[in-house]
Structures are given as C-alpha cells and as structure tokens.
1. Have a look at Trp308, Thr318, Leu339 and report the one farthest towards the positive end of the charge dipole of the range 239-342, computed about the Cα centre with Cβ charges (Lys/Arg +1, Asp/Glu -1).
2. What FRET efficiency do you get for Ala389 and Cys133 if R0 is 35 Å and r is their Cβ-Cβ distance, rounded to the nearest 0.05?
3. List the residues whose amide H sits under 5 Å from the amide H of Ala471, counting only those 5 or more places along or on another chain, with H placed 1.01 Å from N in the peptide plane.
4. Under 5 Å between amide hydrogens, which residues at least 5 positions from Leu358 or on another chain qualify, with H placed 1.01 Å from N in the peptide plane?
5. Could you go through the range 267-276 in sequence order and give the Karplus-derived ³J(HN,Hα) for each residue, using 6.51 cos²θ - 1.76 cosθ + 1.60 with θ = phi - 60°, rounded to whole Hz, and x for Gly and Pro?
6. What does the charge add up to near Leu313, with Lys and Arg as +1, Asp and Glu as -1, over the other residues with Cβ less than 9 Å from its Cβ?
7. Applying the Karplus parametrisation 6.51 cos²θ - 1.76 cosθ + 1.60 with θ = phi - 60° to the phi angles of the range 232-243, what ³J(HN,Hα) value in whole Hz is obtained for each residue in order, glycine and proline being reported as x?
8. Please enumerate, by chain and number, the lysines with C-alpha under 27 Å from the C-alpha of Lys229, excluding those fewer than 8 residues away in the same chain.
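The values are calculated or read from the model by the stated rules, or taken from the named source; none is laboratory data. The model shown is predicted, which means the values in this text are computed figures rather than measured ones. Methodologically, a virtual Cβ is constructed for each residue, glycine included, from the backbone with ideal geometry; neighbour enumeration extends over all protein chains shown. Accessible surface areas use protein heavy atoms only, side chains included; no ligands, DNA or RNA. Shrake-Rupley method; radii C 1.70, N 1.55, O 1.52, S 1.80 Å.
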Amino acid sequence: MADDAIRCDACPVLCFIKPGRTGSCDRYGNHDGKLVRLDPHVVLNRAVERGDAVVPFLERSIDWDGSLVSHGETFVTAIGAGTTYPDYKPAPFIISSQVDGVEMVTVVTEGIFSYCGVKVKIDTDRHLGAECCTVRAKGEAVGHVTTSEYGSQMLSLGGVRHLTGGSRHEGTATSDALMNLCNGKAVELEIDDGAKVVVEAGKPPVVDGVREERMRVGCGSATIGMFAKQWLGKVDEVVVVDDHITGVLSEHQAGKLLGIPETGIKLKGRRSTPGRYFQVAEPGTSWGGTDIDDPLSILGKFNSRKAWPGLRLLMVSTTGEHYAYFELNEDLRLKEKELPAVLRQSVTRIKENCEPALCTVLFMGGAGGSLRAGVTENPVKLTHSVRDALTRVTCGGAPVYVWPGGGITFMVDVTRLPQNAFGYVPTPALVAPIEFTLKLADYGALGGYLDQVRSLGSISTEKVGKRAIAARKDNPWPLEAGAKSR
Ligand code: SF4
C-alpha cells in the first residue's frame, strides 16, 4: 500500500498495520514491512531444571544452534505460534519429533475462541449473590452466578452470548475480564444484589473488601459429625451455624450415638432431618454465610421441661471464624460468657481443618469447529481421534479435560499454563493456545497436512523470538506415552 501498511490476515478483523505499528490486538506488528507475531513463541523444555525460570535461548534475529532441541525433551507449544485464517490453511506449526522411537506430530495454533468462557470457583461461605444473578465487570454483564458447591461459590463467565450477543461494550468487557482472569490477573466483579468480589486465579478471593482466609470445614451438619466426640463432656449443646445446613449436636445422630441428652433447644428455620436445619436466616456475609451478627437471633425459647439452669451452649460458624459461648441462668435465659479453655481447642481445631480459600479459574473453549480444518482436511476425523484418545489435546502444554459427547470442548486450569498465554482479538473473542499431539501414522490416516510437517530442529532456523520455559513438574509431559488429555 501507499503508506507501506500491510494487512494482517490472522483473524477476521484484517487490520492494516503501518510500519512500526501493531494491529488492534497488539499480537501482530509491521516490522520492516513484515508481519510478525510480537510475543515470543514458547517452547517447553524438560531438560531445563530451574522451576519456572524463563530461559531465553533464541533472541530475535540471533541464530540459534539448536542445541536445546532434543527429541522427546522439547515441546513446541502454541503460545506465540500465531493463527492462520481462514481455517482451511494448515496450522502455523506442524512439528514432528521422535519419542521413544515413535514418530510423533504436534499441530499447534493459537485458536480464536468465540465460544469460550471461564468457570470460577470461589472458596467462601459468604453469600456472593443469588443463583442466576448477573455478574458484572466494569458495569457490563459478563456472566452469572451458578451453583453453590461444597464450601465454594461457582460463577460462569463469558460464553458466546456475552461476547457477541450484547452490545459492543458488553463484548469488550467480557473479553477483557476473561483474558485478564486467564492470564492470572485480578479482576473485580460485581454481582447484582450481591457482593463485590476480586477474583485472581490461585489467590484468595476478596469479598466486599475483605480477604477471605479459609473455606469452611464442612456444612453445619458435617461439622457436628466431625467434632461431636471432642465436645462430649465439655459442653451440653453445640449449634454450628451455616446458611445451608445448621447442625444441632443434641438432636444430630452423632450426638444421639454419644448419648448426649436433649437440651430443649429450639431453632428457627426448617427442620430437615434430626439435628439438621435449613434456612435459619437469610444468606449473607456473616456467621456461616448467613446475615446474622447475633447468633441468638436464630434460637427460640428453650423448652423448660428439658433445659436446666447452667446448661452450656457453644455456637460456632463452619470456619470457626465466629463463635460464642453461653450458659442458661435460673430463668432459662442465655447469658454470654467467656469461652472456656476446654472449648477453645475445638474451635481452633475447626479453623485448623479449614483449607486456605482460593479462586480457581478454568478456561473452557470449544475447539470442535473450524479450527480443526487447520489440522486436517477432514475435520470430524480429528474429533473422533480425540474421542478415541489417539490425539492428545493440550493447552500451552497443560493437560486439559475434554468433555464427553460431541465436539472438542475442553477445560484447563489457567494456573497450569505459562504466564500470559492468552490473548484476544476485537471480534471479540479470546485467543488461546491449543496443541494436538498424535502419532505421525495416525496423522496421515486422519487426513493431516503431511506436506506441512517439519522437523523439530527446523524451528531453530527461524529468526523469530522464541523462549524456552522449564516444563512444570506437576504437569504430565505432553509427549509422554500414556499422558491422557482427560
Ligand atoms: S486483530 Fe490482531 S490478529 Fe486480527 S487482524 Fe488485527 S492484528 Fe491481526
């Protein structure tokens, strides 16, 4: 073109990029009239025994002697590999390598995922928002609250409807939030009629400005089951306050088996089974994920025919974060007293048994579409090959879980990838690395681009930035026989 701009054809946006400038996604640039992928292409090396140390072994424009390429020890990831568009073009790298005498092929591409999102697990008892409530980032709807799991609240963020089905702002905010979460950055989310929560993969959540420390030891009923014996003889009644299932020691089967007598206690809420109560209060961010600050607010009057003056009552939350000790006076009214030393230990034990609260972010993407055409001329054969476990799928070298059923819908824990492995394009969509590894013979059988297969050593001749990263020891080695993608 007249102004020496060149056209990037790596995604449907088809940016014109002037010399020295980058395209809309900052992934490609015009470098001396050539279209270049700007981030280094990441190669995992098993021989580099330095934890997660990043070892530059091929700088841009410096010839590389290939000394670090070792068959079976080097894995070419899709991070920084680039994308081909439209999809019928072969993937950017189709690399062969010898592994234990078997000729293997790894097809790598940075997939553009319009159908993608993240599933977030937030370890907390606190009520973040009602199921189905909208989750917002920068004021835009980017997902929703889904089920509460054991000690955790799940969010579903992204998906094609938020990326493409709403306004341009909604799509951009969604892709920003997804990319930042996938790249391990902190993202502030706000739930309609709920809490503000800062989510960062592998870090504790921050709920309404308070950093969560521990996830609960169990529900109220489970807590009674775990610690009943430790309370025997030290206290007459225990109530474990929980938004879901509040436990009452004397009524619970654990208390019955230990011979703990009835105390005449009366709980508000709906009795489910003996010693297990639902809906004792409204959900909230206080005691056991309820909205109560005064634990006595969930109790009715004691039954005077069963209760007795001096009865000792411990009330505790499922994390041990909240607790209070009471005794009944002559009028059978509860008076708060200092927690006796013999009970202090049991509260500490509850805390000790709580695991650290963390945020977990799983990227979920659908690779069963046109991306397959960059691997084979007969796309459905790739799907079958993945299903038959002949082809292993990895994401930046990390193991993935491939959902059963149709398509190639996979999930990956973003903390298991090298940093900054995810990008975006303004269509909007997320860019995520994906690699398919299989035997060369199987690749030929599924209609692969055999004429595009290049040796592992051939990448050393390219004058583009490459970066070797030590493979994570807790990830299965992608080239190892028997390493499964699910
Ligand atoms: S958005 Fe990025 S990948 Fe797409 S055409 Fe522009 S520079 Fe290329």
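1. The residue sitting most towards the positive pole is Trp308.
2. Values: r = 39 Å, r/R0 = 1.12.
It comes out at approximately 0.35.
3. HN-HN under 5 Å from Ala471: Asn45, Arg46, Val48.
4. Hits under the 5 Å cutoff: Asp123.
5. With the stated coefficients, the range 267-276 comes to 9, 7, x, 9, 6, 8, 10, x, x, 10 Hz.
6. Values: positive: Arg312; negative: Asp236, Glu237, Glu327.
Its environment carries a net charge of -2.
7. 3J(HN,Hα) across the range 232-243, in whole Hz: 4, x, 9, 7, 8, 8, 9, 10, 9, 7, 8, 4.
8. The reachable lysines, counting only those whose Cα sits under 27 Å from Lys229, are Lys256, Lys266, Lys268, Lys301, Lys306, Lys335, Lys337, Lys351.
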